[in-house]
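Worksheet: one structure, shown below.
Every read-out reported here was derived from the displayed coordinates using simple, explicitly stated rules and does not represent laboratory data. What you are looking at is a predicted structure, and each value in this text was computed from that prediction instead of being measured. Note that we place each Cβ from the backbone using ideal geometry, even for glycine, and neighbour counts take in every protein chain shown.
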Amino acid sequence: MKINLALLLKISLVFSLFLAYSCSGNDKNKEQDPAAVNEEAIKDEENKTASNFPKGEQIYVAKCEVCHQKNGEGISGSFPPLAKSDFLLNDKSKALSAILNGLDGEITVNGEKYNTLMPAFEFTDEESTDIMNYILDTWGNNGGKVDVVNGKL
Ligand code: HEC
């Protein structure tokens, strides 16, 4: 009888240890799930901001990023920045003209002189609208919106 009681105590001790272990395991799993969900939410949020103008972004990545860089900061001395560019933000029609007709000769962007060559691009009015809105809206630029199709710059 005594021995059985001791055995019973041992078994219940082992059992409660097992319970404690599996409960803490459950807690861990519970903690992990919302974290995984949060990560997804953050990713979605990033994708959303990156694609305010997804068509414009596609054009930028394909045709502009090579010179003006992903972060829009260009390469000092060679390719002027579009991020916070006073040239772009002060005169949208001049900026659009640079894109459609190309640009050479000396220009000053954010106090730095450039005298290199920007190639001309053949864009439809829709594409011009998309690329302009993308560069006006990205990298903290707060340049408003254009509608080249309806002649609004
Ligand atoms: C081959 C390199 C190259 C590519 C590709 C290129 N640019 Fe440029 N871009 C330049 C250079 C160089 C200048 C400055 C030209 C000068 O010195 O007169 C410039 C100037 C500009 C300017 C006016 C100055 C400024 O920084 O605000 C804008 C706006 C601009 N580019 C937008 C674009 C857009 C939009 C695209 C893609 C459709 C593009 N560029 C593709 C090289 C490039």
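Worth pointing out:
- Matching residues in segment 75-91 - criterion: being of a type outside the set (Ser, Thr, Tyr), surrounded by fewer than 19 Cβ atoms within 10 Å (Cβ to Cβ) and either more than 7 Å from the ligand (Cβ to nearest atom) or not in a helix (DSSP H, G or I) (or both): Ile75, Gly77, Phe79, Ala83, Lys84, Asp86, Leu89, Asn90, Asp91
- Candidate set: segment 94-110, residues that are assigned to a loop (DSSP other than H, G, I, E, B) and touching a residue at least 12 places away in the same chain (Cβ under 8 Å); chosen: the one nearest to the chain's Cα centre (by Cα): Asn110
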